[in-house]
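Q: Please find one structure pasted underneath; my questions will follow.
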Amino acid sequence: RYDREVFAVNYPLLLLKIEKVKLLLKRESTWYSTTESTEREIKEGEALTKLIAANRLAYENSTGFQERAYFSEVDDSPQPYFVYLPKAYYDSPTKPYPLMVFLHGYDTSTTKVNAWTLSSNVLDLCDRKGYVVAIPYGRRNTDFVSIGEVDVMTVIGEMKKHFRLDPDRVYLMGVSMG
């Protein structure tokens, strides 16, 4: 019998990995469609399958940059988002952290396979200042309105559900469209 949290965290991510493999295999001449990226997604999917079978959470007690997913209540599709947990996150089990929600800019090459992420310099700054970061996919280039806005609010809800966050320090920022 599976733990609900394990299933809620791992299963959408597993289905996202399967979807990404399908997308990678369909693309014949894009710069992000490589044998290595396809194999990486397959290996990550295999690892998630083993974690589900072992009733263990993906990224359990891990810090740093993580790809996560949830099932959209709008269309039941697995939607990606990225999380950055500062290195000190697990040092104090009761400390609440501020959340920075970063909304990406408009980019025609942004897809579930080719996601917009933050530079290591920005993540290092978040690490030094002790910020948890969430980067919603927001359905690509929706201007974060309509279904994109729903995705942003869902990611904030997921973050509050799974991490120790200070509800008075949730910040929204972004570039261009974000």
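The values are calculated or read from the model by the stated rules, or taken from the named source; none is laboratory data. Everything quoted here is computed from the prediction, not taken from an experiment. When we count neighbours, we look across all protein chains shown, and the Cβ atoms used for this are built from the backbone with ideal geometry, even at glycine. These accessible areas exclude ligands, DNA and RNA; they are computed on the full protein's heavy atoms, side chains included. Shrake-Rupley method; radii C 1.70, N 1.55, O 1.52, S 1.80 Å.
Q: Averaging over all projection directions, find the projected area of the Cα convex hull of the chain and quote it in nm² with one decimal place. Can you show the working numbers first?
A: Values: hull surface 42.9 nm².
Over all viewing directions, the chain projects a mean Cα-hull area of 10.7 nm².
Q: For Arg140, what accessible surface area do you get with a 1.4 Å probe? Give it in Å², rounded to 10.
A: Roughly 90 Å² of Arg140 is accessible to a 1.4 Å probe.
Q: Quick one: Cα convex hull volume of the stretch 83-123, Å³ per residue?
A: Values: hull volume 4.1 nm³, N = 41.
Normalising the Cα hull of the stretch 83-123 by residue number yields 99 Å³.
Q: Let me test this: with uniform point scatterers at the alpha carbons of the stretch 34-83, what is the Debye-based log₁₀ I(q)/I(0) at q = 0.20 1/Å?
A: Result of the Debye calculation: -0.91.
Q: Taking Cα atoms of the stretch 102-178, Rg/Rh with Kirkwood Rh, to two decimals?
A: Working: Rg = 12.7 Å, Rh = 13.2 Å.
Result: Rg/Rh = 0.96.
Q: Which whole-number value in Å² is the accessible area per residue of the stretch 19-178, probe 1.4 Å?
A: Values: 8680 Å² over 160 residues.
Here the residues of the stretch 19-178 average 54 Å² of exposed surface.
Q: In whole percent, how big is the carbon plus sulfur part of the accessible area of the chain, probe 1.4 Å, protein atoms only? List each step's numbers first, then the result.
A: Numbers: 5100 of 9830 Å².
That fraction is 52 percent.
Q: With all protein chains present and a 1.4 Å probe, how do His162, His104 order by accessible area, largest first? Mind dumping the intermediate values first?
A: Working: His162 40, His104 5 Å².
The ordering from most to least exposed comes out as His162, His104.
Q: Continuing with this model, one more query. For the chain, the longest stretch holding no GluC sites (Glu not before Pro) located in a DSSP loop with at most 11 other Cβ atoms within 10 Å is which?
A: On the way: sites that count: Glu28, Glu60, Glu73.
With GluC sites (Glu not before Pro) excluded where exposed in loops, the chain gives 74-178 as its longest stretch.
Q: In addition: Could you work out how far apart the two model spin labels at Asp168 and Asp3 are, taking each label as a point 7 Å from the Cα in the direction of the beta carbon, and quote it in nm?
A: Spacing of the two 7 Å Cα→Cβ label points: 3.2 nm.
Q: How much of the DSSP bridge set in the chain is antiparallel, in percent, rounded to the nearest 5? Provide the component values of the computation, followed by the final result.
A: Details: 12 of 21 bridges.
If I count the DSSP bridges inside the chain, around 55 percent turn out antiparallel.
Q: Probe 1.4 Å, all protein chains in place: accessible area of Lys50 in Å², nearest 10?
A: Around 150 Å² of this residue is reachable by solvent.
Q: Counting helices only, and only those DSSP H runs with n ≥ 4, report the 222 nm mean residue ellipticity of the chain as the sum of -39,500 (n - 2.57) divided by its residues, in deg cm²/dmol to the nearest 500. Walk me through the numbers on the way to the answer.
A: Numbers: 4 runs with 68 residues, N = 178.
Value at 222 nm, helices only, nearest 500: -13000 deg cm²/dmol.
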